[in-house]
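S.K.: Quick one: structure below, then a few questions.
The values are calculated or read from the model by the stated rules, or taken from the named source; none is laboratory data. Nothing here was measured: the structure is a model prediction, and the numbers come from that model. Heads up, the Cβs are rebuilt from the backbone with ideal geometry, glycines too, and the neighbour counts pull from every protein chain shown. The accessibility values were calculated without ligands, DNA or RNA, using every heavy atom of the protein model including side chains. Shrake-Rupley method; radii C 1.70, N 1.55, O 1.52, S 1.80 Å.
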Amino acid sequence: MQTTVARACSVRVVVDLRSDTVTKPTRAMLAAMASAEVGDEQYREDPTVNELQRRMAELLGHEAALFLPTATMSNQVALRAQTRPGSVVLAEERTHILIYEWGGPAIHSGLVMRGVVADAGRPTPEQIDADEDLGAGGVVVLENTHRSSGGRVWPLDEFAAAAAAAHARGAAVHLDGARLFNASVAAGVAPAEWARLADSVTICFTKGLGCPVGALLAGSEQLIERAWEGKFLLGGAMRQAGVLAAAALHALDHHVERLADDHLRAGRLAQGLAEAGVPVDVATVETNFVPIPERAGALERLEREGVLLDGLRPGFLRAVTHLDVSDDDVEQAIEAIPAALEADRRVRA
Ligand SMILES: Cc1ncc(COP(=O)(O)O)c(C=O)c1O
């Protein structure tokens, strides 16, 4: 831990493209938080939390919603609320639920975790249908946007076909929509269009939406009552959480449409890198992630230049645009990244 702190202090951070989670709350968001009306959330008496839950349920086309501290907890509570121990959770092999939640589906819900290899993070109806153990008590997880494929968006018809295949097997469908607003803005499709095809939906407020804390689960009244149990079980029941919900409400009003700016900047970054000889697949940059083929030592060389990237999946780094990344930052990254990757500039011709 000390090493991390010391390193962070010695580096002049020019542009931080590691993740869209590194944003700091804006002054306007802090003001909204400071003036939030609050109550005890566990008594369901926090008016700001209640308002966020009401508004999000409506926006996602579900009966009810539950505010939670993190998207990980929301995913885990959702799985627990609609599965039976010993059942299967099926997902694309590099979904967040399968690889970044510390075995949570097995630990919290006793689920058998099954990953399938799928293009752009999108399991097909055939793949879902082929799982012989998937049935009532099981769940299929669909992630939109899909993190590890580089923020790819599920076309609505493909998503509908996958969800229908899961339902035909008697399994539930959970949408990990941590970045569903990115998908919505990129595709020009309302979040509810995807969300209402799933039985449960996770939304995260701390990614592109720029909040310091908070996620939300939407589903039927019955599912959300079960989810309350999971929220208490995992220690996620809070008190005057309205100060956090106020940030989320502010983000819904001010930080959704502007996601288009992040997507434009990611596109510009991808294009600039490709022109400088970095083998970036510009056509697959659909939202705010730019996947960049990894070179040994590149992260460290970039850090010395004050440009921070992170890992995306084996063999790939990611540059992620967000609320705190400007046009100038993107241009600086376009200068620094090719050199650190030792890109072959002859490709430019
Ligand atoms: C697709 C996806 N789902 C869930 C999460 C978990 O979010 P949190 O850090 O709020 O637990 C992440 C985090 O990056 C994510 O990318």
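S.K.: I'd like the carbon and sulfur percentage of the solvent accessible area for the stretch 169-250, probe radius 1.4 Å, heavy atoms only, ligands and nucleic acids excluded.
M.R.: Details: 1260 of 2400 Å².
C and S atoms contribute 53 percent here.
S.K.: Rg to Rh ratio, the stretch 251-313, alpha-carbon atoms and Kirkwood radius? Write out the running numbers ahead of the final one.
M.R.: Values: Rg = 13.5 Å, Rh = 13.1 Å.
Result for the stretch 251-313 is an Rg/Rh of 1.03.
S.K.: Here's something else I'd like to know. Viscosity 0.692 mPa s, temperature 37 °C: Stokes-Einstein D of the stretch 123-166 from its Kirkwood Cα radius, in µm² per second?
M.R.: Values: Rh = 11.2 Å.
Answer, rounded: 294 µm²/s.
S.K.: Taking 0.36 nm per residue of separation and subtracting the Cα-Cα distance, what length does fully extending ARG44 through THR21 add? Mind dumping the intermediate values first?
M.R.: Values: separation 23, 0.36 × 23 = 8.28 nm, distance 2.80 nm.
Full extension of this stretch gives 5.5 nm more.
S.K.: Report, in debye and to the nearest 20, how large the dipole of the chain comes out about its Cα centre when Lys and Arg carry +1 and Asp and Glu carry -1 on their Cβ. Walk me through the intermediate numbers first.
M.R.: Values: 33 positive and 48 negative charges, 135 e Å.
Once rounded to the nearest 20, the dipole reads 660 debye.
S.K.: Alpha carbon centre of the stretch 150-188 versus the stretch 211-284: separation in Å?
M.R.: If you average the Cα positions of each part, the centres end up 15 Å apart.
S.K.: Right, here's the next one. Using the Karplus curve 6.51 cos²θ - 1.76 cosθ + 1.60 with θ = phi - 60°, work out ³J(HN,Hα) for each residue of the stretch 307-319 in order, rounded to whole Hz, and write x for Gly and Pro.
M.R.: 10, 9, 10, 9, x, 9, 7, x, x, 9, 9, 10, 10
S.K.: Now a separate question. Compute the angle between helix 156-168 and the longest alpha-carbon principal axis of the chain, please, reported from 0 to 90 degrees and rounded to the nearest 10.
M.R.: The helix 156-168 is inclined about 40 degrees to the chain.
S.K.: With θ set to phi - 60° and the Karplus curve 6.51 cos²θ - 1.76 cosθ + 1.60, what are the ³J(HN,Hα) couplings of the stretch 23-35 in order, to the nearest whole Hz, using x for Gly and Pro?
M.R.: Whole-Hz 3J(HN,Hα) from phi for the stretch 23-35: 5, 9, x, 6, 4, 5, 5, 4, 5, 5, 5, 5, 9.
S.K.: If you take every residue apart from ASP20 with its C-beta less than 14 Å away from the C-beta of ASP20, what net charge results, scoring Lys and Arg +1 and Asp and Glu -1? Walk me through the intermediate numbers first.
M.R.: Details: positive: ARG18, LYS24, ARG147, ARG179, LYS207, ARG258, ARG265, ARG318; negative: ASP16, ASP261, ASP262, ASP310, ASP324, ASP329.
Within the 14 Å Cβ shell, the charges total +2.
S.K.: For the chain, what does the convex hull of the Cα positions come to per residue, in cubic angstrom? Provide the component values of the computation, followed by the final result.
M.R.: Working: hull volume 47.7 nm³, N = 349.
Taking only Cα atoms, the chain has a hull volume of 137 Å³ per residue.
S.K.: Something else about it: Karplus couplings for the stretch 189-205 from phi (6.51 cos²θ - 1.76 cosθ + 1.60, θ = phi - 60°), rounded to Hz, Gly and Pro as x?
M.R.: 10, 5, x, 5, 4, 7, 4, 6, 7, 9, 7, 9, 9, 9, 10, 10, 9
S.K.: Subtract the Cα-Cα distance of ASP253 and ARG54 from 0.36 nm times their separation in residues, and report this length gain in nm to one decimal. Write out the running numbers ahead of the final one.
M.R.: On the way: separation 199, 0.36 × 199 = 71.64 nm, distance 1.48 nm.
Contour length minus the Cα-Cα distance gives 70.2 nm.
S.K.: Here's a follow-up. So, taking all protein chains as they sit and a 1.4 Å probe, how much accessible area belongs to MET56, in Å² rounded to tens?
M.R.: 0 Å²
S.K.: While we're looking at this one, here's another question. What three numbers, in Å, describe the spread of the alpha carbons of the stretch 95-154 along their principal axes, ordered from the longest?
M.R.: So the extents along the principal axes, rounded to whole Å, are 29, 27, 15.
S.K.: Let me ask you something else. What would the Debye formula give as log10 I(q)/I(0) at q = 0.09 Å⁻¹ for the alpha-carbon point model of the stretch 118-259, no solvent?
M.R.: Evaluating at q = 0.09 Å⁻¹ gives log10 I(q)/I(0) of -0.30.
S.K.: Same structure, new question: Given a 1.4 angstrom probe, what's the average accessible area per residue across the stretch 155-286, in square angstrom?
M.R.: Per residue, the stretch 155-286 has an accessible area of 35 Å².
S.K.: Further, regarding this structure: For a bin width of 10 Å, list the pair-distance distribution of the stretch 53-153 built from all Cα-Cα distances, rounded to whole %.
M.R.: 15, 43, 36, 6
S.K.: Can you compute the helix-only [θ] at 222 nm over the chain? Use -39500 (n - 2.57) per DSSP H run of at least 4 residues, normalise by all residues, nearest 500 deg cm²/dmol. Could you put the intermediate results ahead of the total?
M.R.: Details: 15 runs with 149 residues, N = 349.
My calculation for the chain gives -12500 deg cm²/dmol from helical runs alone.
S.K.: Amide H to amide H under 5 Å from ARG196: which residues, 5+ apart in sequence or cross-chain, H placed 1.01 Å off N in plane?
M.R.: The answer is none.
S.K.: A further question follows. Any chance you could list the semi-axes, whole Å, largest first, of the equivalent ellipsoid that the Cα gyration tensor gives for the stretch 224-349, using √(5λ)?
M.R.: Working: eigenvalues 265, 61, 36 Å².
They are 36, 17, 13 Å, listed largest first.
S.K.: On to the next question. Around ASP310, with a cut-off of 12 angstrom between Cβ atoms, what is the net charge of the other residues, counting Lys and Arg +1 and Asp and Glu -1? Don't jump to the answer; show the numbers that get you there.
M.R.: Numbers: positive: ARG18, ARG147, ARG313, ARG318; negative: ASP16, ASP20, GLU294, GLU303.
So the surrounding residues net to 0.
S.K.: Roughly what would the spin-label model give for LEU233 and ALA260, points 7 Å off Cα along C-beta, in nm?
M.R.: 4.3 nm
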